[in-house]
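Novice: Could you have a look at this structure, given as structure tokens, before my questions?
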Amino acid sequence: MARLPYVDPASASPEIREALELLPPLNIFRTVAHADTAVRPLLRLGGAILGQGELDPRRRELAILRTAAVTGAEYEWIQHEAIARGVGAGDEQITAVKAGDLEADAFDEDDRLVLRCAEELLRNDAIGEATFSRAREHLSDREIVELILAVGYYRMLAGLMNSVAIDLDEPLGDAVVESAMRRNR
């Protein structure tokens, strides 16, 4: 059971009610809605990360899944496993990410690089010099920054989810991505 109640759109301020009505009915959104002044900017950033990036969506989702695995954010894992499958991640890749087998044969060189970047960010709060140099050779500057933002954003949400003991929702997959894209139009 969650340690905080979920915001009820019917009793929320008009601005929060309007924001929640545009979103899938997920507990994470109803939890974030407690932060009245932060909810819209936070959702816009999430929408930009999910729906407007240059970083390959499958690689982005592998990095988000690694974030969920390292932080123990079951809610995040459940939601993003469905999204990852929707953008082309396979069973072997998902299993390897969860197990921390970032060198698995299921990954190509750029997958491994993105996962190594995510792992270093999660373990050291920075991408190490050697890994960053490789990233500069294989990814654009924009992709590098998007990767760092995605890992940081989902690490922050994992902290929220784990702290409030958020109740699990059924995975919505593409519906989450589609709502993110609509929010940022």
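The values are calculated or read from the model by the stated rules, or taken from the named source; none is laboratory data. Predicted model, so just to flag it, every value in this text is computed and none were measured. Quick reminder, even Gly has a Cβ in these numbers, built from the backbone with ideal geometry, and neighbours come from all protein chains shown. The area values use the complete protein model at the heavy-atom level, side chains included, leaving out ligands, DNA and RNA. Shrake-Rupley method; radii C 1.70, N 1.55, O 1.52, S 1.80 Å.
Novice: So, in segment 1-13, exactly how many residues are over 16 Å from Leu160 (Cβ atoms) and open to solvent by less than 90 Å² (accessible area, probe 1.4 Å)?
Specialist: 5
Novice: Here's something else I'd like to know. When you scan segment 1-71 for helices (runs of 4 or more DSSP H) that lie fully inside it, which ones turn up with 1 or more residues that are free of Cβ contacts under 8 Å to residues at least 40 places away in the same chain and of a type in the set (Ser, Thr, Tyr)? It would help to see each step written out before you state the result.
Specialist: Details: elements: 14-21, 27-32, 36-51, 57-71.
The qualifying helices (runs of 4 or more DSSP H) are 36-51.
Novice: Another question, then. Can you go through Ala130, Ala118 and tell me which one is part of a helix (DSSP H, G or I), of a type in the set (A, V, I, L, M, F, W, C), modelled with pLDDT of 95 or more and under 20 Å from Gly46 (Cα atoms)?
Specialist: The unique qualifying residue is Ala118.
Novice: Pick from segment 153-174 the residues that are hydrophobic (A, V, I, L, M, F, W, C) and open to solvent by 70 Å² or more (accessible area, probe 1.4 Å): which of them is nearest to Gly47 (Cα to Cα)?
Specialist: In this case the residue turns out to be Met156.
Novice: Okay, moving on. It is to be established whether one or more residues within segment 61-69 are open to solvent by 30 Å² or more (accessible area, probe 1.4 Å) and closer than 24 Å to Ala2 by Cβ. If you could, list the steps in order and put the result at the bottom.
Specialist: At the first step, the residues of segment 61-69 found to be open to solvent by 30 Å² or more (accessible area, probe 1.4 Å) are 69.
Filter once more, so that each one left must be closer than 24 Å to Ala2 by Cβ: 69.
Yes - at least one qualifying residue is present in segment 61-69.
Novice: Restricting to segment 133-152, count the residues that are in a helix (DSSP H, G or I) and either touching a Pro at 6+ places or on another chain (Cβ under 9 Å) or open to solvent by less than 30 Å² (accessible area, probe 1.4 Å) (or both). Reasoning before the result, please.
Specialist: Applying the first criterion (in a helix (DSSP H, G or I)) to segment 133-152 yields 133-138, 141-152.
Filter once more, keeping what is either touching a Pro at 6+ places or on another chain (Cβ under 9 Å) or open to solvent by less than 30 Å² (accessible area, probe 1.4 Å) (or both): 135, 144, 147, 150-151.
So the answer is 5.
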